[in-house]
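Working notes, structure below.
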Amino acid sequence: MLRSLQKPPLLQMSREALKIVIVGGVAGGMSAATRARRLNEAASIKVFERGPYVSFANCGLPYALGEVIKDTDSLLLQTPESIKRRFNIDVEINTEVLSIDRRNLTVDILKDTNDTRKVSYDKLILALGAEPWQPQIEGLSAYHVFTLHTIPDLESVRDFISKNKPKRATVIGGGFIGLEAAENLQNLGLEVSILEYASQVFLPVDSNIATHLHDEIRKQNVKLFLNARIQSVKAPSAEYPGAVILQDGTSVPTDLVLAVTGSRPRTELARQAGLELNEKAGGVAVNPYMQTSDPNIYAVGDMVAAHHRISSTTSPLLLAGPANRQGRLAADHIFGRRRIYKGNVGTSVCKVFDLTAGSVGLSVRALRALGKDPQYITVHPPHHAGYYPGAQNVTMKLVFEKMTGKILGAQAVGKAGVDKRIDILATAIQGGISVFDLEDLELGYAPPFGSAKDVVNMAGFVACNVMRGDVEIIHEEDMEKEMENGTNFVDVRSRMEFMRGHVKGAVNIPVDELRARVGELDIRKRTVVYCWVGYRGYLAYRILKQHGFESVVNLDGGLKNVVEGGLVRLLGE
Ligand SMILES: Cc1cc2nc3c(=O)[nH]c(=O)nc-3n(C[C@H](O)[C@H](O)[C@H](O)COP(=O)(O)OP(=O)(O)OC[C@H]3O[C@@H](n4cnc5c(N)ncnc54)[C@H](O)[C@@H]3O)c2cc1C
């Protein structure tokens with residue numbers, strides 16, 4: 001459907017300069033500032049940044065730590081001088097906004113710890129970001145404990161490493177920053193441990209996808225402690241080597257601790273100014289134009305609670321893309337362009353050593369926590385034509401509504417091609433297309449780049465087969481119950497594959513022999529067919545169904561899901 005192009009309203013080019021004050025000079029703040037300038041040459045635009053740098057790429061910090069990014073200056077995208085030259089925007093660094101006087105439209109600022117003054121605004125944009133959050137743990141303020149949120153944080157860790165030459169590092173937190181930091185500390189030659197409070201790392205994905213990451217982390221000789229309950233952190237001293245002590249008594253020796261245990265929206269300034277907050281989820285409440293409860297004040301980025309397009313709840317989403325886009329929208333609205341923020345879908349991607357993990361929308365776990373009962377399928381196709389050298393399997397889990405096929409989320413893990421597929425599905429979700437459209441999606445193909453039936457098409461085919469009733473599936477999480485109920489498991493792989501490992505109690509009838517040997521199976525008994533990735537199981541399902549088996553199901557994603565999803569206990573001799 002074509003949408004007619006809306007003509008933007010005439011720009012306000014009046015002689016009277018609108019005074020725009022922006023608090024926070026990184027992703028959201030600088031996007032708002034430069035967009036405002038592009039829309040209006042006359043406006044007075046001032047940015048106050050309490051740190052020593054403006055417009056820096058904090059997403060590159062883990063890689064600068066590991067010296068993958070060799071020149072830290074390349075993280076400094078702009079300076080106050082370059083911004084002044086190009087955009088005629090006044091940026092003051094080392095300048096903190098202390099309070100907002102909404103009645104008189106002023107902010108109180110503190111520059112370089114001693115110079116205070118009032119600055120007036122017509123429109124105020126808050127882009128204060130999020131504050132690193134740390135749990136209450138004894139010893140977490142010791143001299144060898146750091147976080148990684150800003151360039152000064154990076155400089156502190158580096159300084160400690162160069163002076164103390166630590167051999168062992170412990171990363172507390174298995175979110176994306178923790179995972180990136182762990183890999184980069186290992187790049188520096190340190191022995192690394194990761195301590196994660198939850199039962200899995202990288203929470204946007206379900207546990208069976210996270211299991212791939214756990215295996216990779218351990219394969220890379222990083223010690224991974226899940227469900228880790230930390231009792232205390234002991235700093236290294238002349239008498240005692242440093243360690244992190246867990247409540248179960250485990251001592252993790254360490255000379256350096258990086259605590260990256262999450263962040264919380266910075267809402268204190270907004271709270272003191274009496275702006276409405278989202279008390280439940282955290283974050284400043286905003287409308288789709290990014291206006292707070294005071295129409296002269298906007299808030300963007302990590303500090304806001306925005307609408308989530310899948311859950312229909314509002315919550316903070318601490319990612320750079322949304323912060324940048326929200327900054328643009330706030331500036332647009334100030335100059336009469338009423339474009340709305342359509343909401344978050346949580347598209348995220350993370351390098352975990354040699355794997356990439358990606359996610360968009362909601363996981364099955366998150367949907368269930370909202371009381372939903374989604375359907376999902378798993379495929380494992382190669383990221384480009386299998387016959388072209390270097391093909392790597394992508395494990396993709398596609399989550400959708402049982403009744404409509406609406407896509408609710410996707411997760412993927414693999415050595416290559418994950419980011420591209422997650423981005424396609426992010427586009428699909430935001431475009432409102434369903435699993436039925438994925439079947440028909442025309443994507444670029446040449447052997448080095450993809451397949452004539454791309455990973456996303458394959459996921460669409462399988463999802464549509466399920467939606468249309470061409471196949472019924474169970475998941476690996478259902479298998480134990482099936483086993484208890486005495487279900488017949490039929491392994492339709494070759495004899496060799498069967499001998500290498502199979503489901504407890506399964507019989508082996510290779511799919512190519514199934515038509516001839518169908519009489520060996522009890523037609524009245526519920527039967528689970530399975531192969532390695534799900535395709536031969538699907539063929540077997542179709543054969544058995546057409547031979548009159550009423551209760552037959554295929555194991556979604558095949559035995560690979562069982563083995564790589566961490567359910568090896570279901571395998572038999
Ligand atoms: C190590 C690291 C890696 C990351 N990697 C990724 C990634 O790969 N992908 C991704 O999407 N996101 C990533 N993020 C998250 C991303 O950087 C943030 O979501 C994004 O920067 C948020 O933008 P923001 O403008 O809301 O806040 P920020 O970019 O944090 O900027 C807020 C600024 O406001 C300033 N400030 C706060 N209070 C005041 C005050 N009172 N007065 C003046 N100034 C103030 C702060 O000093 C800060 O510089 C990463 C974050 C970190 C820390």
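The values are calculated or read from the model by the stated rules, or taken from the named source; none is laboratory data. The model shown is predicted, which means the values in this text are computed figures rather than measured ones. Cβ coordinates were reconstructed from backbone atoms using ideal geometry, including for glycine residues, and neighbour counts include every protein chain displayed. The accessibility values were calculated without ligands, DNA or RNA, using every heavy atom of the protein model including side chains. Shrake-Rupley method; radii C 1.70, N 1.55, O 1.52, S 1.80 Å.
Scan region 20-31 and tell me whether some residue there is part of a helix (DSSP H, G or I), more than 9 Å from the ligand (Cβ to nearest atom) and open to solvent by less than 50 Å² (accessible area, probe 1.4 Å). The answer is no; no qualifying residue exists. Being among the hydrophobic types (A, V, I, L, M, F, W, C), touching a Ser or Thr at 6+ places or on another chain (Cβ under 6 Å) and within 30 Å of Gly28 (Cβ to Cβ) holds for only one residue in Ala259, Ala210, Ala198, Ala243, and it is Ala259. One residue alone among Gly469, Gly505 is more than 23 Å from Lys402 (Cβ to Cβ) and either touching a His at 6+ places or on another chain (Cβ under 6 Å) or not in a helix (DSSP H, G or I) (or both), and that residue is Gly505.
Can you confirm whether Tyr530 is more than 12 Å from Met479 (Cα to Cα) and open to solvent by less than 60 Å² (accessible area, probe 1.4 Å)? Taking the combined requirement at face value, the residue does not satisfy it.
Scanning region 498-527 for residues that are of a type outside the set (A, V, I, L, M) and out of contact with any strand residue (DSSP E or B) (no Cβ under 8 Å at 6 or more places or on another chain), we see that the one that is surrounded by the most Cβ atoms within 10 Å (Cβ to Cβ) is Pro510.
Just checking, does region 214-234 include any residue being within 15 Å of Val192 (Cα to Cα), within 16 Å of the ligand (Cβ to nearest atom), part of a loop (DSSP other than H, G, I, E, B) and touching a Gly at 6+ places or on another chain (Cβ under 9 Å)? No. Considering only residues in region 372-388 that are in contact with a Pro (Cβ under 8 Å, 6 or more places away or on another chain) and open to solvent by less than 30 Å² (accessible area, probe 1.4 Å), the one that is nearest to Ser359 (Cα to Cα) turns out to be His384. Of the strands (runs of 3 or more DSSP E) lying entirely inside region 335-424, those carrying at least 1 residues that are of a type in the set (A, V, I, L, M, F, W, C), more than 29 Å from Gly537 (Cβ to Cβ) and in contact with a helix residue (DSSP H, G or I) (Cβ under 9 Å, 6 or more places away or on another chain) are 348-352. Here Arg365, Arg338 are screened, and the one residue that is surrounded by fewer than 21 Cβ atoms within 10 Å (Cβ to Cβ), within 25 Å of Arg218 (Cβ to Cβ) and away from the ligand (no atom under 16 Å from the Cβ) is Arg365. The one condition from (1) closer than 30 Å to Arg328 by Cα; (2) out of contact with any Pro (no Cβ under 6 Å at 6 or more places or on another chain) that Pro265 does not meet is (2). Look at region 389-401 and say how many of its residues are surrounded by fewer than 15 Cβ atoms within 10 Å (Cβ to Cβ) and within 19 Å of the chain's Cα centre (by Cα). Qualifying residue count for the region: 0.
For Thr113, the criteria (1) within 14 Å of the ligand (Cβ to nearest atom); (2) at pLDDT 95 or above; (3) open to solvent by 30 Å² or more (accessible area, probe 1.4 Å) hold in every case but one, which is (2). On the given criteria, is Gln200 closer than 23 Å to Tyr376 by Cα, of a type in the set (S, T, N, Q) and touching a Gly at 6+ places or on another chain (Cβ under 9 Å)? Criteria met by Gln200.
Looking across region 43-53, the residues that are more than 8 Å from the ligand (Cβ to nearest atom) and open to solvent by less than 40 Å² (accessible area, probe 1.4 Å) come down to Ala43, Ser44, Ile45, Val47. Looking only at region 296-333, residues that are touching a Phe, Trp or Tyr at 6+ places or on another chain (Cβ under 9 Å), away from the ligand (no atom under 16 Å from the Cβ) and open to solvent by 40 Å² or more (accessible area, probe 1.4 Å) come to 2 in all.
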